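Inspection log for the structure reproduced underneath, given as structure tokens.
Every number here is computed from the coordinates shown, using simple stated rules; none is lab data. Since the structure is predicted, the reported quantities are computational estimates derived from the model, not experimental observations. Virtual Cβ from ideal backbone geometry, glycine too; neighbours counted across all protein chains shown.
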Amino acid sequence: MKIFSVFGVSGSGKTATIERIISELGRRGYRVGSIKNIHFQGFAIDTPGTNTWRHRQAGAEMVVARGLTETDVLIPRQLSIEEILTFFDHDYVAIEGVSNTLIPKILCARDETEIEEGLNDLVFAISGRVSNRISNFQDTPVINALSDVERLADLIEDKMTGCLPFIRELEQCQACGGSCRDLASRILQGKATAAECLAGNEVIIKVGDRELSVDYLRQMYIKNILAKILVKLDNYDGEEEITIDIRKRNNGMDV
Ligand code: SF4
């Protein structure tokens, strides 16, 4: 799963940019998911008086609204980006409006001043309204998503590596000899690969004798789910190693 973020101030062209990219990646045969970060205080899809709202008021920790054409999961707290990413199993996840993570980014801006304010080592392209006027800023390409989305999608295909084992700057084991940000930045410059991150491999899955490559977010997802189940089954304290064998059923079906 490959993740990127499109960020910039309000009115800079983020949504127009991300919708063109999602559409182009889909046209190329990828499955794409998206996350929209919303900064408005008091934002909620569920409104007072609805039946789902009443479920929540009664104390339900999670409410699912199952309609004929969509299913909405309502959780009455802000999840972290890591928690939200565990819902996805797509080729790409495009995030709109998140700037403070170690995820490769496209900066949308209206002018050069906004570029200067937002540009950093994790920005691999610039887009938005400013791309109507300029095509380069320092060494970073400025690409108009409305007229040249193919080039932007090419860059995404080229720059994105699999999900790294960190999203927030705080999580730094330094086992690679530097910080997470250093490595993320060098990967974007083509000077390193995700394989240089030495964290991870906390969850090992084998199919027969074959060890599967499981990205760090999925490892954490599996680990957290198992820990939650085992706490209930066995008062598991999170310290011991867990081994699970999943066998083939006698009727030959894989489980
Ligand atoms: S080994 Fe991985 S998680 Fe640890 S500091 Fe380096 S990049 Fe970050």
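Details
- About the Cα centre, charge dipole magnitude for region 2-159 (Lys/Arg +1, Asp/Glu -1 at Cβ), debye: 500
- Highest-fluctuation residue, D215, D46, D154 considered, GNM on the chain with Cα pairs under 10 Å: D46
- Paramagnetic label zone (point 7 Å from Cα along Cα-to-C-beta, N51; backbone N under 18 Å) in region 72-90: 72-75
- Range of Cα positions in region 105-246 per principal axis (Å), largest first: 62, 30, 29
- Inter-label distance for R28 and D215, nm, one decimal - labels placed 7 Å from Cα along Cα-to-Cβ: 1.4
- Extent along principal axes [Cα atoms of region 200-255; Å; largest to smallest]: 35, 26, 16
- Hypothetical label at D121: residues of region 137-163 whose amide nitrogen lies under 16 Å (7 Å Cα-Cβ projection): 139-140
- Pairs beyond 24 Å (Cα-Cα), from K36/K223; K223/K248; K159/K223: K36/K223; K159/K223
- On the basis of the beta-carbon distance and an R0 of 25 Å, I242 and Q174 show a calculated FRET efficiency of 0.40.
- Net charge, T86 excluded, C-beta distance under 14 Å - Lys, Arg +1, Asp, Glu -1: -1
- Sorted largest first, the principal axis extents computed over the alpha-carbon atoms of region 2-159 equal 55, 34, 25 Å.
- Proximity of backbone amide H atoms, modeled 1.01 Å from N, is registered between I3 and V93 at under 5 Å, excluding neighbours fewer than 5 places apart on the same chain.
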